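Remarks on the structure that follows.
Each reported figure results from applying straightforward, stated rules to the coordinates on display, with no laboratory input. Owing to the predicted nature of the structure, the values given are computational and were not obtained by experimental measurement. Counting neighbours? That spans all protein chains shown, and the Cβs are built from the backbone with ideal geometry, glycine included.
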Amino acid sequence: MSYHALAQVLGIAEPLNVGELISTVRHGLPSEGIDALSAKLGITPRELSKYLHVSHKTLQRHHGKLLDLNISDRLLTIAKVYAECVDVFESEEVSVHWLKTPLAAIGNATPLEYLDTNEGADFVRKLLVRIDYGVFS
């Protein structure tokens with residue numbers, strides 16, 4: 001996953017390095033990233049709000065503003081998983097389908113359902129690494 005891919009998913013300027021990305025998140029990602037990511041995932045901003053641990057009304061209050069650190073960090077985590085998924089499957093359409101398909105490896109839950117926690121997002125990223133290396137998952 002490249003910084004370029006993250007920038008495209010979130011609608012931000014491409015960070016030059018991890019320090020710049022962290023600084024951007026600490027300052028707050030633009031709220032437009034919510035609409036951009038939910039569109040990429042094929043879900044509504046209301047649906048995305050549950051993975052960000054905020055109400056839809058809170059997201060609406062942030063419209064046109066910078067998001068706070070916690071929301072920005074959750075948004076970045078989900079965007080990273082999406083970008084890695086696109087890297088592995090080389091297709092946005094296939095990636096979204098995979099994220100929304102129940103998998104036996106995770107108790108017939110969808111990978112998207114696991115993105116509401118950092119641990120779940122890490123697990124999905126590990127599944128993607130296994131798939132990328134041809135390990136049955």
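Order of R26, R74 from fewest to most other C-beta atoms within 10 Å?
Exposure proxy ranking, most exposed first: R26, R74.
Can you sort T58, T101, T24 by how many other beta carbons sit within 10 Å, fewest first?
T101, T58, T24
Between L16, L66, L103, which gets the highest mean-square fluctuation from a Gaussian network model of the chain, Cα cutoff 10 Å?
Among L16, L66, L103, the largest mean-square fluctuation in the Gaussian network model of the chain belongs to L16.
Please report the spacing between the Cα centers of region 1-50 and region 103-137 in Å, no decimals.
If we compute the Cα centre of each part, the gap is 21 Å.
Identify all lysines with a Cα-Cα distance to K50 below 21 Å; exclude those on the same chain that are fewer than 8 residues away in sequence.
Candidates past the 8-residue exclusion: K40, K65, K80, K100.
Calculate the dipole size of the chain relative to its Cα centre from +1 charges on Lys and Arg beta carbons and -1 charges on Asp and Glu beta carbons; express the result in debye to the nearest 20. Working shown, then result.
Working: 13 positive and 17 negative charges, 89 e Å.
Roughly 420 debye for the chain.
When the dipole is taken about the Cα centre of region 86-137, and only Lys, Arg (+1) and Asp, Glu (-1) are charged at their Cβ, what size is it in debye, to the nearest 20?
The calculation lands at about 200 debye.
For I106 and R61, FRET efficiency with R0 = 22 Å and r from the beta-carbon atoms, rounded to 0.05?
0.10
Please give the calculated 222 nm ellipticity per residue for the chain, where each DSSP H segment of at least 4 residues contributes -39500 (n - 2.57) and the sum is spread over every residue; nearest 500 deg cm²/dmol?
Details: 8 runs with 86 residues, N = 137.
Using -39500 (n - 2.57) per qualifying helix, the result is -19000 deg cm²/dmol.
What are the membrane-span-like helices in the chain by this rule: whole DSSP H runs, Cα extent along the axis at least 24 Å, mean Kyte-Doolittle hydropathy at least 0.5? Could you put the intermediate results ahead of the total?
Details: long enough: 69-89 (30 Å, 0.80).
Once both thresholds are applied, what remains is 69-89.
Just the Cα atoms of the chain, one point each, no solvent: what log10 I(q)/I(0) does Debye give at q = 0.10, 0.11, 0.17, 0.20 Å⁻¹?
For the chain, the Cα-only Debye profile gives -0.30, -0.37, -0.89, -1.21.
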